[in-house]
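The structure is given below, and queries will be raised subsequently.
The values are calculated or read from the model by the stated rules, or taken from the named source; none is laboratory data. None of the values given here were measured: they were computed from a predicted structure. Glycine also receives a Cβ, built like all others from the backbone with ideal geometry; neighbour counts cover every protein chain displayed. Side chains included, ligands, DNA and RNA excluded: accessible areas come from the protein's heavy atoms. Shrake-Rupley method; radii C 1.70, N 1.55, O 1.52, S 1.80 Å.
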Amino acid sequence: ARMHLQCRGPTCPPVYGCFWQFASVFKAFTAIIFENALSLAHTVLQDAFGYEHFRGSQQAIVEHVVGGSDALVLMPTGGGKSLCYQIPAIVRQQMGHGTTIVISPLIALMHDQVSAMHEIGVDAAFLNSTLDYDQTRDVELQLLSGGITLLYVAPERLNTPRFLGLLDELHAKGKLAL
């Protein structure tokens with residue numbers, strides 16, 4: 001005769017293989033991944049940007065965004081807002097989550113940010129009105145092949161059918177990080 005074992009919730013013995021055991025293992029696994037992501041964030045902060053520690057609320061914001069959550073960050077000029085999306089973008093790309101899209105109305109800022117990312121070895125690009133058709137297509141192909149960590153996009157480009165199609169493709173592949 002076969003014995004039927006019943007789950008007794010959190011006090012369930014390990015032999016039952018129940019939901020509570022699964023939940024416990026999943027929670028531990030998630031904690032390990034999150035700790036690894038935070039460790040990666042500190043490594044990126046130090047190695048790529050040259051800072052020993054986060055300033056002010058940066059660490060809490062980075063942790064929140066690395067975890068896949070949204071954030072609205074208001075800081076004064078020079079307060080370190082860029083690191084609050086650049087570090088999560090780099091970490092999430094390293095974790096296999098894909099490209100981060102940054103919407104910026106300022107073309108000069110896009111150029112500066114992309115140049116700064118290239119200087120530290122991060123694949124970044126922009127899509128705005130300064131690019132001709134061939135340059136735009138090259139960036140789009142890089143984007144679809146997973147070759148871009150950060151893509152800066154002008155607001156007027158964001159709502160075009162062509163760009164929305166690119167976003168749909170990235171999303172379908174699970175390669176749209178933030």
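Accessible surface of M75 in the full protein assembly, 1.4 angstrom probe, to the nearest 10 Å²?
40
Still on this structure: Efficiency by 1/(1 + (r/R0)^6): what FRET value for L144 and T43, r their Cβ-Cβ distance, R0 = 41 Å, to the nearest 0.05?
About 0.90, to the nearest 0.05.
State the percentage of accessible surface on the range 36-78 attributable to carbon and sulfur atoms; use a 1.4 Å probe and exclude ligands, DNA and RNA.
The nonpolar share, carbon plus sulfur, comes to 51 percent.
With point charges of +1 on the Cβ of Lys and Arg and -1 on the Cβ of Asp and Glu, referenced to the Cα centre of the range 37-178, which listed residue (S69, F163, L151) lies farthest in the positive direction of the dipole?
The one lying farthest along the dipole's positive direction is S69.
So who's got an amide H within less than 5 Å of the one on Y152, skipping anything under 5 residues away but keeping other chains? H placed 1.01 Å off N, in plane.
Hits under the 5 Å cutoff: V102, A125, F126, L127.
Still on this model: Let me know the charge dipole size of the range 118-178 about its Cα centre in debye, to the nearest 20, where only the beta-carbon of Lys, Arg (+1) and Asp, Glu (-1) is charged.
Roughly 220 debye, rounded to the nearest 20.
Turning to a different aspect of this structure: With every protein chain left in place and a probe of 1.4 Å, what is the accessible surface of V62, to the nearest 10 Å²?
Number for this one is 0 Å².
Let a ≥ b ≥ c be the square roots of the eigenvalues of the Cα gyration tensor of the range 59-129; is it rounded (a/c under 1.5), or, if not, prolate (a/b larger than b/c) or oblate?
oblate
Here is a further query. Please list L144, L45 from largest to smallest accessible area, probe radius 1.4 Å, with all protein chains kept in place.
Working: L144 35, L45 0 Å².
Largest accessible area first, the residues go L144, L45.
Also, quick follow-up: What is the percent carbon and sulfur in the accessible area of the range 88-178, measuring with a 1.4 Å probe over the protein chains and ignoring ligands?
55
Using a 1.4 angstrom probe and counting only protein chains, how large is the accessible area of K175 in Å², to 10?
Answer for K175: close to 90 Å² accessible.
Let me ask something else. With a 1.4 Å probe and all protein chains kept in place, how do I103, I90 rank by accessible area, largest first?
I103, I90
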